[in-house]
Each structure stands twice: as C-alpha cells, then as structure tokens.
Amino acid sequence: MGKTSSGWSSGFIGMLIFSGSLPATRVAVMQLDPLFLTGARAAIAGLLALAALTLFRQRRPTADQWRSLGLVSLGVVLGFPLLTALALQQVTAAHTLVFMGLLPLSTAIFGVLRGGERPQPSFWFFSLLGSALVMGFAASQGMAASWRGDLLMLLGIAICGLGYAEGGRLSRDLGGWQVISWALVLALPAMLLLAALRWPADMAQVSATAWLGLAYVSVFSMWIGFVFWYRGLAQGGIAAVGQLQLLQPFFGLALAAGLLHEAVSLGMVGVTLAVILCVVGARHFAPAMPVVAR
C-alpha cells in the first residue's frame, strides 16, 4: 500500500510540472518555429539524459525494451510536443483544456491495451465523468475553435496516451527515470538534426521570454517531469495515476492567475472540487499494482 501511495505522490509531482507545459509552449511558439522547438527541447533534454545515464552507469535496454522505447519516443518526445506546438499556433493554450480533459481517458485505454490492466467498471465511470467535467468547463468558456488546431490536439492526445502507457509499463522493469532518459537518447540524433535544420535565422529577434519557455519545456516538461510521472504510473497503475491529469488544466489556470493575474471564477473552483472527487473515486476502484519501479 505504501508503494502505491508513493506512486500517487510521484504522479502528482509530475502532473504539477506538466501543468506549465502548454503555457510555456504557447509563449515559445509565438516566436520560435514549432519544428525547431520540438527538436531543441528534445535535444537539450536528451543531452542531459545522456549525461545522467553515463554518470550512473545504467545498463543498456534489451532488444524488446528498445522497441518499447521507440513507442515512448514517438509518443512523448516527438509526437505530442510537435502536434501541440503546431496546434498552439492556431488556438490558445486555454482552448487546449477541452482536449487535455481526454488525456486521462486515452492513457487508461492504452493502459488496458498495452499494460494489461483491468480496471473495474466503476473506475471507467469516474474517469468518464472527470473527463466530461473538464471538457464541459473548458467549452463553457466560449473559446473559438479551429478545426486544424482541434484535429492536431486530438492526434496529440491519442499518441501521448500511448507514450504514457508504454512508458509506465516499461518503467516497472527498467525504472522511471531510465525510461524517459533512454527514450530521449534514442531520439537524440534526429532531434539534433531537426533543431539544426530549423535554427532561427535571427537569434536577436527572439525574446528572453521565448527562450525561458524553451528552457522550461526542455528541462522540466521533457525530462524532470517524466522522471516523477513514469515512476508514478509504474507504482500506482497506469490507468489509476493517469487520472491525476484531470487536475492539470486547473493547476495551469491557477498558475496563470498567480503569474498573469487572471481571474479565477467560483465555477472553476467548483469544477476543480468535483474533479478531485472523481480522482479519489478512480483511485478507489483502480486495479492493484504488485510490481513497482526501482
């Protein structure tokens, strides 16, 4: 039971770190090419990961593990960052709340397909209810839609769910920080090339704010956040801990309120409390996870 609680704690920390990802991406992509942003964030994180793996002399993954790491890289190193960066050129960061509400459900589905988990029917009820609450709150804000941006976000949510589930499954054997580190190293040559090919023509025209956005998504969103997140998924269960993502949009709004002085409505507080109850319900009916990450 202690291991499971530790998994939820790790997952919560990872979710908090991820809460700043979309706002930081939005800031960066306003001045940086989305392909450069995708390559640069993964390349920076990949170099840090390579240094950590070398320093701590981690064993190399097996052939089967490399294949799984390929899916992780496709989902969270290339797919989700690129698709969201492209989408955020056409829609606001707030608009993506509609789709982030589907990410826990996507993760849970792939947790069943790839992780072999079998949640109870009551778990799916709380998962669907939580997703509906988040999406309903976001849609009630009256945000204009772009079908291209929406399609990109839907694709991003699907492939991110795959990357989360595959990484959580693999973390049971390989370890949480090792999974994201090896996935980043696997993609490093391609990401370095992509960043070099899409290098900004005039570095002086890029503001410090955009560079700070790149720094955040590189170090925190692309690496440190996943260290906690994959450990949490491995220890607490992919489908179960994945429900913590229901809280991510609200922490993002709270962050915006604190830093940008945006108003927080009573409706947001009420929906947040309801979502917390859904997360508690999902945790109660989640399957047990006997195998834990290192």
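Miscellaneous remarks
- Along segment 16-29 the Karplus relation, 6.51 cos²θ - 1.76 cosθ + 1.60 evaluated at θ = phi - 60°, assigns HN-Hα couplings of 4, 5, 5, 4, x, 5, 5, x, 5, 5, 4, 4, 5, 6 Hz to successive residues, with x for each Gly and Pro.
- Expressed in Å, the radius of gyration and Dmax of the Cα atoms of segment 42-146 are 18.0, 52.
- Segment 118-180 shape via C-alpha gyration tensor axes, a/c threshold 1.5: oblate
- Within the accessible area of segment 108-261 (1.4 Å probe), percent carbon and sulfur: 70
- Projecting the Cα atoms of Phe125, Ala240, Ala204 onto the charge dipole of the chain, computed from C-beta unit charges around the Cα centre, puts Ala240 farthest toward the positive end.
- The charge dipole of the chain, taken about its Cα centre with unit charges on the Cβ of Lys, Arg, Asp and Glu (plus for the first two, minus for the last two), comes to roughly 760 debye.
- The HN-Hα couplings worked out from phi for segment 219-226 by the Karplus form 6.51 cos²θ - 1.76 cosθ + 1.60 (θ = phi - 60°) are 7, 8, 5, 8, 9, 4, x, 6 Hz, whole numbers, x standing for Gly and Pro.
- Net charge dipole size for segment 1-137 [Lys, Arg +1 and Asp, Glu -1 on Cβ; Debye, nearest 20]: 400
- A 1.4 Å probe run over the protein chains yields, for the chain, 43 Å² of accessible area per residue, whole-number rounding.
- Farthest toward positive dipole pole in the chain [+1 Lys/Arg, -1 Asp/Glu at C-beta], among Gly39, Phe12, Gly252: Phe12
The values are calculated or read from the model by the stated rules, or taken from the named source; none is laboratory data. Here the structure is a predicted model, which is why all the values come from computation and not from measurement. Reconstructed Cβ throughout: ideal geometry from the backbone, glycine too, with neighbour counts over all protein chains shown. Remember, those area values only see protein heavy atoms, side chains included, never the ligands or the DNA or RNA. Shrake-Rupley method; radii C 1.70, N 1.55, O 1.52, S 1.80 Å.
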